[in-house]
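Student: Please read through the structure below; I'll follow up with questions.
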Amino acid sequence: MKNLFFILSLFLLNTVAFGQVSKTVNITTAGTLNSLITSTEKTTITDLTVTGTIDASDIKFLRDEMTALTNLDLSASNIAAYTGTGGTYSTASLSYPANEIPKRAFFYKTGLKSIKLPSSTTSIGDYAFNYCSGINSVILPDPVQKIGDLSFASCTGLTAVTFPASLVTIGSSSFSNCSALTGNLVIPNSVTTIGSYAFTQCTGLNGTLTFPGSLTTIGTAAFSYCSGLKGNLLIPNSVTTIGERAFQNCSGFTGNLSISNSLTAINPFTFSNCTGLTGTLIIPTTVTTIGNNAFALCSGLTGSLTIPGSVSSIGNASFMYCNGLIGTLTIPNSVTSIGTSTFAYCSGFEELYLSKNLTSIPTETFAGCSGLKTIQAANPVPPNIIPSTFSLVDYLNCLLYVPIGSKSAYQTDPIWSLFSNISEKDFPSAIRNTNINGLKIYTNQNQIFIEDCDASVQLFTSTGAYIKTIYPQSGRIAIDLPKGLYILKIGEYTTKVVLY
């Protein structure tokens, strides 16, 4: 009998030491959980169900004192507001709102494997489950509207998250480095903002990415290095901002890219190294700037590239190694600035039209564009270039067309003269009547008229030779000239005028 008692006692001790120890606690007064758990239970309870009302001080107790806690069920509890020094985030006196999983609630509690949140939860605080590497799945209840910054960051065991229909904001780095997340990623229809680095380094995601029509903002590097995402990348027209590097190194996408027509800028590195994206690239007509490396290494993009007339600047290396793009590349007249290596090694282009407002084309902008057969340079004044600007372009056989009257200027330029075949053509972009920045410019027989002008005007021949400077009288300028093509420089703006 003594032996049987000893065996039973040993079994119970082993169960406590190594097995599952469960308890249910009802809290009638928030902040009293510590009085309902014995010192032995603090180190032995593995499965705890809490009902009633709790606050940030109770959650701090769960995090710091319940050392064996593995499974926590808070679904039948409510979180009350708390102000004091005993909260989860700091020893200073802070206020913690009701119905929020407080900041740093379970920060670094690596032994926690499952948690059921209160059904009344409306937000997840910053760092709430940061580094909880043992949690493998999370169901966020329907009232949740906000997931805070870094709330689930580095939860490397997390394989699945259920987002509620109520969700509005996904905070910065909220799921960064959750490398075990798999399958599709569907952002709920209520979400408006995805914060910076929200899903960066979620390398296990291996399905499609779906955005809702409610989305307005995708933060910096939000999906960078999610190399397993596949299929199309369709960004809804509701999106007005996409941060830098948002999809950098998302090389797994294997479908088309559709860009929101509400964007005004494509920021640096946004789609760089998305090598699997295929099909035609359409830049929306709302875009004014294309940043550095925006589409660099997107070698799977095919078809022609249309840059709309809304674009004024194209950054460094923005299309470098997009060697699947073919046909005619038109740099519209709206473009006044273009970067280094912008189209380097885009070997598929056969024809190039250069904006009349480009005055300088830097190093290696079109280096390696070995497929070019025709270049149309619309500026009568040869833009400044260096030998590497067109390195590996066939100077001997590539035809260079320049405006009427400017052939000699190109032939005497030390670099442009490397092109063996230079011919003149009529570029219809020379104005006869236009309005520029409040100025009215028009012609009548052998005269050029400029009205509402308060700045001096420099006049050049079509080859760029200086003629004279004219000053307005009562806001008006009238210039008598022979028929021909002329260049006007008014402040920072340069345009051509033709007299017939």
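The values are calculated or read from the model by the stated rules, or taken from the named source; none is laboratory data. Bear in mind that the values here come from a model prediction, so they are computed numbers and not experimental data. Note that each Cβ is placed from the backbone with ideal geometry, even for glycine, and that neighbours are counted across all protein chains shown.
Student: Yes or no: segment 360-372 includes at least one residue that is among the polar types (S, T, N, Q), buried (at least 16 other Cβ atoms within 10 Å of the Cβ), without any contact (Cβ under 8 Å) to a residue 40 or more places away in the chain and within 30 Å of ASN237 (Cα to Cα).
Tutor: No: segment 360-372 contains no residue that is among the polar types (S, T, N, Q), buried (at least 16 other Cβ atoms within 10 Å of the Cβ), without any contact (Cβ under 8 Å) to a residue 40 or more places away in the chain and within 30 Å of ASN237 (Cα to Cα).
Student: Do any strands (runs of 3 or more DSSP E) lying entirely in segment 354-438 carry at least 1 residues that are out of contact with any Asp or Glu (no Cβ under 8 Å at 6 or more places or on another chain) and either modelled with pLDDT under 95 or farther than 20 Å from SER313 by Cβ (or both), and which ones are they?
Tutor: The qualifying strands (runs of 3 or more DSSP E) are 399-403, 421-425, 433-436.
Student: Can you say whether ASP452 is surrounded by 11 or more Cβ atoms within 10 Å (Cβ to Cβ), of a type in the set (Asp, Glu), at pLDDT 80 or above and farther than 30 Å from LYS373 by Cα, as far as the supplied structure shows?
Tutor: In short, yes.
Student: So, PHE211, is that one assigned by TED's automatic domain parsing to the domain that holds SER262, closer than 27 Å to THR280 by Cα, in contact (Cβ under 8 Å) with a residue 12 or more places away in the chain and under 20 Å from the mean Cα position of the chain (by Cα) or not? Lay out the reasoning, then the answer.
Tutor: Details: assigned by TED's automatic domain parsing to the domain that holds SER262: yes; closer than 27 Å to THR280 by Cα: yes; in contact (Cβ under 8 Å) with a residue 12 or more places away in the chain: yes; under 20 Å from the mean Cα position of the chain (by Cα): yes.
For PHE211, the condition - assigned by TED's automatic domain parsing to the domain that holds SER262, closer than 27 Å to THR280 by Cα, in contact (Cβ under 8 Å) with a residue 12 or more places away in the chain and under 20 Å from the mean Cα position of the chain (by Cα) - is met.
Student: Of all residues in segment 103-134, how many are out of contact with any strand residue (DSSP E or B) (no Cβ under 9 Å at 6 or more places or on another chain), under 10 Å from CYS155 (Cβ atoms) and aromatic (Phe, Trp, Tyr)?
Tutor: 1
Student: For residues that are surrounded by fewer than 17 Cβ atoms within 10 Å (Cβ to Cβ) and modelled with pLDDT of 80 or more, tally how many sit in segment 439-449.
Tutor: 2
Student: So is SER35 more than 23 Å from PHE129 (Cα to Cα) and either part of a loop (DSSP other than H, G, I, E, B) or at pLDDT 95 or above (or both) or not? Give the steps one after another, and end with the answer.
Tutor: Working: more than 23 Å from PHE129 (Cα to Cα): yes; either part of a loop (DSSP other than H, G, I, E, B) or at pLDDT 95 or above (or both): yes.
When the stated conditions are applied, SER35 passes them.
Student: Further question on the same structure: I'd like the full set of residues that are of a type in the set (Val, Ile, Thr), buried (at least 21 other Cβ atoms within 10 Å of the Cβ) and within 21 Å of ALA81 (Cβ to Cβ), limited to segment 32-63.
Tutor: Hits for segment 32-63 are VAL50, ILE54, ILE59.
Student: Moving to a separate point now. Confirm whether ILE283 is under 22 Å from SER347 (Cα atoms), in contact with a Gly (Cβ under 8 Å, 6 or more places away or on another chain) and assigned by TED's automatic domain parsing to the domain that holds GLY324.
Tutor: Spelling it out, it is not the case that ILE283 is under 22 Å from SER347 (Cα atoms), in contact with a Gly (Cβ under 8 Å, 6 or more places away or on another chain) and assigned by TED's automatic domain parsing to the domain that holds GLY324.
Student: Also, I was wondering about something else. Anything in segment 231-246 that is farther than 18 Å from SER262 by Cα and buried (at least 21 other Cβ atoms within 10 Å of the Cβ)? List them, or say none.
Tutor: Listed by number, the list holds a single entry, ARG245.
Student: Consider only pairs whose beta carbons are under 6 Å apart and that are at least six residues apart or on different chains; among these, list those whose first residue lies in segment 42-58 and is without any contact (Cβ under 8 Å) to a residue 40 or more places away in the chain and whose second residue is among the acidic types (Asp, Glu).
Tutor: Short answer, once both residue conditions are applied: LYS42/GLU65; THR49/ASP73.
Student: Scan segment 276-287 and give yes if some residue there is among the hydroxyl-bearing types (Ser, Thr, Tyr), assigned to a strand (DSSP E or B) and modelled with pLDDT under 95, otherwise no.
Tutor: Yes, segment 276-287 contains a residue that is among the hydroxyl-bearing types (Ser, Thr, Tyr), assigned to a strand (DSSP E or B) and modelled with pLDDT under 95.
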